[in-house]
Amino acid sequence: MKISISQLMRFLVIFVVGFILSAVSLQYVSTREHRRKNRPRQCQAMRKTLAGAIEMYNLDFNTKVADIDPQDYLSENGRFVTEGYLQGPLSKHPECSYVYDPKTSSFSCSIHGEFKAY
């Protein structure tokens, strides 16, 4: 049985395309798993950034913020973004919800627990 050049080329193209697709799909699966495992760290980093912005705000205005609306840090027009305490709006995971306790200057997440500010 003789294999023609066109059949060989066809086989080679199918092999290369299959290899590329499998490599891309493996990369996608590992990236998704990596993101899922790092959510607690991302959440804590987000709360730490927010705590730092509030601490700077409190020092600049010689006050203690009592109530924080999520739009203050999630929106381009939020208080901490427009006044320069955050470079841009924070993007938290949809499952996370932050609650600020002004007495202890701490944030807690509905999923990942509490983070104490300075």
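Both radii are taken from the alpha-carbon atoms of the chain; with Rh as the Kirkwood radius, Rg/Rh is 1.38. Electrostatic bookkeeping for S97 treats Lys and Arg as +1 and Asp and Glu as -1; over the other residues with beta carbon under 15 Å from its beta carbon, the sum is -2.
Taking 22 Å as R0, compute the FRET efficiency from the Cβ-Cβ separation of K37 and I111 and round it to 0.05. Could the numbers behind the result be given before it?
Details: r = 14 Å, r/R0 = 0.63.
E(calc), rounded to 0.05, equals 0.95.
Residue separation of H93 and S22 scaled by 0.36 nm, minus their Cα-Cα distance, works out to 22.7 nm of gained length. Among D69, D60, D101, the largest mean-square fluctuation in a Gaussian network model of the chain, built with springs joining Cα atoms closer than 10 Å, belongs to D60. One chain, two ends: F15 and T104. Fully extended at 0.36 nm per residue, the span grows by 26.0 nm beyond their Cα-Cα distance.
Go through the stretch 54-97 and name the GluC sites (Glu not before Pro) that are in a DSSP coil and have 11 or fewer other Cβ atoms within 10 Å of their Cβ.
Details: sites: E55, E76, E83, E95; in loops: E76, E83, E95.
The qualifying sites are E76, E95.
Sorted ascending by nearby beta carbons within 10 Å, beginning with the fewest, H112, H93 become H93, H112.
Highest GNM mean-square fluctuation among I68, I14, I54, for the chain modelled with Cα contacts below 10 Å: I14.
Mean separation of Cα pairs under 8 Å and 6 or more residues apart, divided by the residue count, gives the stretch 5-116 a relative contact order of 21 percent.
Throughout, read-outs are computed from the coordinates displayed, never taken from laboratory work. All values derive from a computational prediction rather than experimental measurement. Quick reminder, even Gly has a Cβ in these numbers, built from the backbone with ideal geometry, and neighbours come from all protein chains shown.
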